[in-house]
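Below: one structure, written as structure tokens.
The values are calculated or read from the model by the stated rules, or taken from the named source; none is laboratory data. No experiment lies behind these values; they were computed from the predicted model shown. Note that we place each Cβ from the backbone using ideal geometry, even for glycine, and neighbour counts take in every protein chain shown. In case anyone asks, the SASA skips ligands and DNA or RNA and just uses the protein heavy atoms, side chains included. Shrake-Rupley method; radii C 1.70, N 1.55, O 1.52, S 1.80 Å.
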2 protein chains.
Amino acid sequence: VSREVDELEQDAAAGNGLLDRRTLLKGAGALVALSAGGARAGERPAWSSRPGKPMSGYGAPSAFEAGVTRGGISAQPGAAGSGASRTPLEQLEGTITPSGLHFERHHSGVPAIDPDQHRLVVHGLVDRPLRFDLEALHRYPMVSRSYFLECSGNSGALIAPEPRQASCGELHGLVSASEWTGVPLRLLLEEAGLEKPARWVVAEGADAARMSRSVPLEKALDDALVALYQNGERLRPENGYPMRLFLPGWEGNMSVKWLHRLQVTNAPAMSRDETSKYSDLEADGSARLFTFPMAVKSVITSPSGGQRLGARGVYQISGLAWSGTGSIREVEVSADGGRSWAPASIDGPALPQHLTRFRTAWRWQGQPAVLLSRAVDSSGNRQPTRSAVLAGRGAGSFYHYNGIQAWGVDESGAVRNVYA
Amino acid sequence: VSREVDELEQDAAAGNGLLDRRTLLKGAGALVALSAGGARAGERPAWSSRPGKPMSGYGAPSAFEAGVTRGGISAQPGAAGSGASRTPLEQLEGTITPSGLHFERHHSGVPAIDPDQHRLVVHGLVDRPLRFDLEALHRYPMVSRSYFLECSGNSGALIAPEPRQASCGELHGLVSASEWTGVPLRLLLEEAGLEKPARWVVAEGADAARMSRSVPLEKALDDALVALYQNGERLRPENGYPMRLFLPGWEGNMSVKWLHRLQVTNAPAMSRDETSKYSDLEADGSARLFTFPMAVKSVITSPSGGQRLGARGVYQISGLAWSGTGSIREVEVSADGGRSWAPASIDGPALPQHLTRFRTAWRWQGQPAVLLSRAVDSSGNRQPTRSAVLAGRGAGSFYHYNGIQAWGVDESGAVRNVYA
């Protein structure tokens with residue numbers, strides 16, 4: 001009853017082994033057929049012989065998963081607490097990032113804020129300045145939405161002239177996704193009453209860096225949240241406990257953590273954090289201010305850099321796609337460096353401004369391959385090639401990089417970052 | 001510009017203070033208006049004065065949230081590792097349960113399984129018995145879906161003749177939800193090839209209790225998963241690491257954890273775990289075998305048992321609804337013990353067999369109240385009253401309880417479990 005591997009030829013969807021996304025893969029996995037006896041026999045391992053651990057108040061991953069941590073931790077010399085850690089995308093599946101593995105980017109470390117003492121102040125061009133404690137915010141209607149968050153510096157290593165050898169998470173792991181629950185910022189601004197010249201909201205964090213960014217009023221009145229919960233529980237300290245701004249689809253730095261102040265203004269503050277960083281250089285060397293939404297992007301998370309394929313046969317290609325300008329409409333995959341493309345399966349509802357999981361089947365028979373993915377979003381935006389991204393940029397410009405990622409597979413099954 | 005509280009009268013949606021779900025709550029929260037000076041002044045707290053903690057490999061909740069743990073831990077005397085812990089529903093928001101707070105129910109504790117040694121065997125009425133290791137399973141197409149999981153003993157305390165005073169989580173916290181990623185069981189069964197008399201699949205865990213349950217083949221071939229990931233990362237040990245069966249919408253006990261064996265049979269095994277427990281007694285004392293899907297249900301998580309309202313004003317009523325027989329179509333809320341009802345807002349997409357968050361606004365002016373919620377699912381099933389559930393049951397029957405929960409609020413703002 002099981003299909004032979006050779007029958008899979010009829011399911012070819014593109015060159016170099018890509019199979020139709022509806023291929024069931026019967027007979028294609030790495031399986032061991034057992035004798036009737038083998039199915040029942042076998043020694044009883046220790047964990048089946050005596051009772052295991054008791055119930056606990058707050059669980060943790062298995063000790064066998066101790067190697068699954070945030071990686072690529074980079075600290076900025078001379079600036080205590082300034083740096084980043086990255087989500088190990090290649091070790092995860094689905095679309096939600098476990099809160100313990102959400103990427104970090106801090107400008108002065110993670111403050112330990114007492115929630116009972118923390119206040120959020122709304123002032124500036126408002127009819128009446130207001131101050132909210134956590135209990136007050138809990139009186140307001142909340143919304144819960146799953147959204148990605150991406151640092152605008154994510155994938156910046158891809159501008160290097162030679163491809164850096166690193167894992168998918170080390171290269172692209174400044175993106176994560178959570179279910180965020182909070183109060184629409186619009187409600188708080190309407191409560192304060194906007195004065196006529198109001199055009200911007202300057203958000204400031206309570207960390208020692210007083211990280212601050214200017215947000216156009218239009219976004220603040222649209223889908224911005226004052227987020228209080230992440231994946232069901234209160235925000236993690238690294239993500240702004242006890243409250244953060246959250247701007248769906250926009251560069252992560254604007255979703256100011258440890259939020260304690262919102263000043264309504266008629267112009268952007270041109271704060272240190274929005275002028276010294278996060279600006280893109282045009283090809284002519286001039287700076288583009290500002291780049292708010294993160295552009296459409298995708299990356300194959302498995303197989304990916306540093307991994308090694310095992311036995312020949314059919315593999316599941318799995319990856320993530322996202323866009324700050326809509327939902328993911330389509331992802332295509334190539335196994336021959338872009339000569340031919342096949343549509344990948346989009347798993348589940350492709351929610352706007354959220355990570356979308358795509359998958360497809362690929363038959364590897366020991367041949368070299370170059371795996372690519374490219375995404376299109378609901379606004380019709382298409383993920384560009386690396387060279388197209390670089391052609392529009394000045395030297396050294398690395399923010400907002402969304403080029404197509406290529407993973408090279410050699411005859412030994414080793415997977416490397418390549419430029420294709 | 002802000003609306004006065006009295007204006008809210010026009011937004012009444014049902015008796016005793018329930019407001020229209022579209023009410024914006026302007027002017028209704030507990031707010032502090034500041035003088036212009038007050039908005040900028042204030043001492044700088046310690047956490048704003050010096051750099052915070054550095055990046056970390058795997059994050060944890062704030063120390064200020066140390067009290068948010070699984071509660072109602074119950075151990076069965078004489079049976080090491082047998083017992084349960086419960087999700088603190090009243091302290092959470094949104095629809096995803098953090099994996100560390102997912103409820104537990106074990107029959108012999110949590111085994112510490114080495115994933116490299118673990119195998120899943122498929123045998124019985126199949127053309128060829130098969131054995132899978134984790135690498136083999138990763139060759140198959142996976143799907144990611146957010147689903148609730150509920151123990152069939154959840155809420156069983158509500159059959160007590162007098163209402164037990166406990167928190168929402170202690171009473172109803174044997175339900176949680178995660179994004180589960182795994183291989184459709186159908187693919188593995190088709191790979192093994194089903195023999196003609198095949199009707200059931202008996203699933204067994206690798207824990208010392210060898211927990212086992214019989215699953216009708218129809219479910220196994222429908223939406224059943226061999227789940228490998230939970231909320232993005234590998235399953236937590238308490239949830240079956242390295243693999244579990246997952247049967248969307250069905251009683252939790254059937255989603256066998258630490259899955260190591262699937263035997264295809266022509267009849268249920270009538271195992272200890274499906275005969276000594278999880279059976280409902282009919283009113284005439286006869287036992288009903290089996291009750292697989294969990295029935296439509298809802299509960300207000302805030303305000304809820306043991307909480308105390310603070311200042312008078314407008315509160316957000318927030319709760320969860322779910323059904324094993326579809327998605328949530330409607331939730332209604334009452335503040336007067338069921339004399340009048342108002343529709344609650346359903347937040348976001350109401351996904352099938354997943355927790356759905358509902359919310360509505362309620363104006364509390366110090367009056368006594370009895371808060372109720374009742375859900376209807378997409379199959380047209382309606383959540384029954386407590387007395388309707390009990391009327392159909394024999395004495396002491398407590399599994400699969402889905403009656404309407406009533407929270408009484410007294411003049412002091414104290415919230416108690418009441419029968420209404």
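Proximity of backbone amide H atoms, modeled 1.01 Å from N, is registered between A:G124 and A:V264 at under 5 Å, excluding neighbours fewer than 5 places apart on the same chain. With n ≥ 4 as the cut-off for DSSP H runs, can you work out [θ] at 222 nm for chain A, using -39500 (n - 2.57) per run divided by the number of residues, rounded to the nearest 500? Counting only the DSSP helices, I get -1500 deg cm²/dmol.
All C-alpha to C-alpha distances of the stretch A:154-290, sorted into 10 Å bins beginning at zero, yield P(r) values of 11, 36, 34, 16, 3, 0 percent in whole numbers. Taking amide H as placed 1.01 Å from N in the peptide plane, the amide H of A:E330 sits under 5 Å from that of A:V376, each at least 5 places away or on another chain.
Taking the inverse of the mean 1/r over every pair of distinct Cα atoms in the stretch B:288-420 gives a Kirkwood hydrodynamic radius of 15.3 Å. Between copies, the label points of B:G348, set 7 Å from Cα on the Cα→Cβ line, lie 1.0 nm apart, reported in increasing order to one decimal in nanometres.
Say R0 is 25 Å: what FRET efficiency, to the nearest 0.05, do A:E135 and B:R44 get from their beta-carbon distance?
Details: r = 23 Å, r/R0 = 0.92.
Rounded to the nearest 0.05, the efficiency is 0.60.
Take B:D127, push a point 7 Å out from Cα through the beta-carbon direction, and compare it with the same point in every other copy: 7.4 nm, smallest first. Go ahead and collect, in residue order, the members of the stretch A:85-115 whose backbone nitrogen is under 17 Å from a label point 7 Å along the Cα-Cβ direction of B:A63. Zone members listed by number: A:109-115.
Applying the Karplus relation 6.51 cos²θ - 1.76 cosθ + 1.60 with θ = phi - 60° to the stretch B:305-314 yields 3J(HN,Hα) values of x, x, 7, 9, 5, x, 4, 4, x, 8 Hz, where x marks Gly and Pro. Bridging of B:K297 to lysines at a Cα separation below 24 Å is possible for B:K219, B:K277, once same-chain residues fewer than 8 apart are set aside. Compute the distribution of all C-alpha to C-alpha distances in the stretch B:206-348, in bins of 10 Å from 0, and list the percent of pairs in each, rounded to whole numbers. In whole percents, the pair-distance histogram is 9, 28, 28, 22, 11, 2, 0.
Please compute, for peptide A:303-311, the average count of beta-carbon atoms on other protein chains lying within 10 Å of each residue's beta-carbon. Write down the numbers at each step before the final one.
On the way: counts 0, 0, 0, 0, 0, 0, 0, 4, 3.
Mean shielding by partner chains, rounded to a whole number: 1.
Highest-first packing order for the peptide set A:70-80, B:320-330, A:161-171 is B:320-330, A:161-171, A:70-80, based on the mean count of other beta carbon atoms within 10 Å. Counting Cβ atoms of other protein chains within 10 Å of each residue's Cβ and taking the mean over peptide B:141-150 gives 5. A:E218 sits among other residues whose Cβ lies under 12 Å from its own Cβ, and their net charge, with Lys and Arg +1 and Asp and Glu -1, is +1.
Considering only beta bridges that DSSP places wholly inside chain A, some 95 percent are antiparallel.
Under the definition of Cα pairs under 8 Å and six or more residues apart, what whole-number percent is the relative contact order of the stretch A:274-341? Please report the intermediate quantities before stating the final value.
Working: 60 pairs, mean separation 17.6, N = 68.
Dividing the mean separation by the residue count of the stretch A:274-341 yields 26 percent.
Note on the stretch B:82-146: Kirkwood hydrodynamic radius from all Cα pairs is 15.7 Å, rounded to one decimal.
Computed from backbone phi with θ = phi - 60° and the Karplus coefficients 6.51, -1.76 and 1.60, the 3J(HN,Hα) list for the stretch B:364-376 is 10, 10, x, 7, x, 8, 10, 9, 10, 9, 9, 10, 10 Hz; x is used for glycine and proline.
Residue-wise HN-Hα couplings along the stretch B:276-285, as the Karplus relation 6.51 cos²θ - 1.76 cosθ + 1.60 with θ = phi - 60° gives them from phi, are 7, 9, 6, 9, 9, 8, 6, 4, 8, x Hz; Gly and Pro carry x.
Gain in length, A:D114 to A:K277, computed as 0.36 nm per residue apart minus the alpha-carbon separation, to one decimal in nm?
On the way: separation 163, 0.36 × 163 = 58.68 nm, distance 2.97 nm.
In short, 55.7 nm is gained.
Based on Cα contacts under 8 Å between residues 6+ apart, chain A shows a relative contact order of 17 percent. Counts of other chain beta carbons within 10 angstrom of each beta carbon in peptide B:125-135 average 4. Counting only the Cα atoms, the stretch A:53-181 fills a convex hull of 213 Å³ per residue. Residue ranges A:229-242, A:304-317 sort as A:229-242, A:304-317 when ordered by packing (mean number of other C-beta atoms within 10 Å per residue, highest first). Amide H contacts for A:M243 (H built 1.01 Å from N in the peptide plane; partners 5 or more residues away or on another chain; cut-off under 5 Å): A:W258, A:L259.
Our estimate of slack between A:R308 and A:Q365, defined as 0.36 nm per intervening residue step minus the Cα-Cα distance, is 19.1 nm. Between copies, the label points at B:Q367 (set 7 angstrom from Cα along Cα-to-Cβ) are spaced 7.6 nm, reported in nanometres from shortest to longest. Site pair B:E218 and A:K53 shows an inter-label distance of 4.0 nm when each label is modelled 7 Å from Cα along Cα→Cβ. Listed by chain and number, the aspartates and glutamates whose alpha-carbon sits under 13 Å from that of B:K53, ignoring those within fewer than 8 places in the same chain, are A:E104, A:D207, A:E238.
Compute, for the stretch B:138-240, the length of the dipole vector about the Cα centre, with Cβ point charges of +1 (Lys, Arg) and -1 (Asp, Glu) only. Units Debye, rounded to 20.
On the way: 11 positive and 14 negative charges, 35 e Å.
Roughly 160 debye, rounded to the nearest 20.
Expressed in units of 2.2 N^0.38 Å, where N is the residue count, the Cα radius of gyration of the protein assembly as shown is 0.96. For the pair B and A, the buried accessible area comes to roughly 9500 Å² in total, with a 1.4 Å probe and the value rounded to the nearest 100. Summed over all non-identical Cα pairs, the Kirkwood treatment of chain B gives a radius of 23.3 Å.
Can you work out the accessible area per residue across the protein assembly as shown, with the rest of the protein chains kept in place, probe 1.4 Å, in square angstrom? Numbers along the way, then the final one.
Details: 29410 Å² over 840 residues.
In whole numbers, the protein assembly as shown has 35 Å² accessible per residue.
Which residues does the label zone of A:E411 cover in the stretch A:359-395, counting backbone N under 13 Å from a point 7 Å along Cα→Cβ? Zone members listed by number: A:366-369.
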